[in-house]
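The values are calculated or read from the model by the stated rules, or taken from the named source; none is laboratory data. Everything numeric here is computed off the predicted structure, so don't read it as measured data. FYI the Cβ positions are ideal-geometry reconstructions off the backbone, even for glycines, and counts take in every protein chain you see.
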Amino acid sequence: MLAACVAAMPAHAQDNSTKKERNYIRNGNKLFNEKRYAEAEVEYKKALEANSSSPMALFNLATALLMQGNAAAKANDKNDPAQEAEKLLQNIAKQMPDKNIQAMAYHDLGNLAYNREDYAQAIEHYKNSLRRNPDDDQTRENLRLAQLKKQQQDKNNQNQDQNKDQNKDQDKDKNKDQDQDKNKDKNKDQNKDKDQNKDQNKDKDQNKDQNKDQNKGQQQGGMSEQSMEQILKTMQDKENATQQRVQAVQGQQQERERRATSRKW
């Protein structure tokens, strides 16, 4: 994590400051260097009470809040003082006339963006810092690191997009295969239904043929050939019996006639 540092009051600024302001800033810087950031915050606020427009007091207060924000982030504390620090640094960078103070504010803003992996914003802040103080080697080094991180980030995003597109194409092909399988199953069911209907129609045709044969037999006599032969035989037997009776009667009549003609008178 890139850290910030407090600014010591330059000699030319001391002429426009009050004695109380200078003392509070020095006390705050001493506490800051001892990593007693909350106590340093109190001293910087006292300096601002002595001089509300003090650039050093404002910048160092933001830095003390920033360092407390780092500690809060490690402890997962939702009350993050770094948010207040960032607002103060933005105001200092835009409103303070001193370019050195502006450069330090942009430097710390760059560090904040870098630590949350917003490398594009970090690069812009570091460039703004170097425009106001081109001799700051630390800011230049941070800029180089941010640019390298940005390149790696862009490459990773590009790979993720490619993987996403590949997965999308794979899902598309998978869905296409599933649709084809569904269509195959559907066609298979339809063909099965067609075969069943075909078998049913075949059975119907067979039944029709059987009924047709039966009706044909009924139209020809309403009975089987065996029955017809039996009836014909019975009729023949009756005819023979009739003829025999007729022949018997004729024989009897002829006998009576012979008897009559042979009678003597």
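Among the residues of segment 131-178, those that are assigned to a helix (DSSP H, G or I), acidic (Asp, Glu) and either exposed (fewer than 11 other Cβ atoms within 10 Å of the Cβ) or in contact with a strand residue (DSSP E or B) (Cβ under 9 Å, 6 or more places away or on another chain) (or both) comprise Asp137, Asp161, Asp165, Asp169, Asp171, Asp173, Asp177.
Residues of segment 117-130 that are in a helix (DSSP H, G or I) and either modelled with pLDDT under 95 or not aliphatic (A, V, I, L, M) (or both): Tyr119, Gln121, Glu124, His125, Tyr126, Lys127, Asn128, Ser129. All of Ala7, Ala62, Ala3 fail the test of being at pLDDT 95 or above and closer than 14 Å to Ala105 by Cα, apart from Ala62.
Within the set Glu117, Glu124, the sole residue that is at positive phi and out of contact with any His (no Cβ under 7 Å at 6 or more places or on another chain) turns out to be Glu117. When each of Ala50, Ala85, Ala105 is tested for being more than 44 Å from the chain's Cα centre (by Cα) and at pLDDT 90 or above, the lone residue that passes is Ala50.
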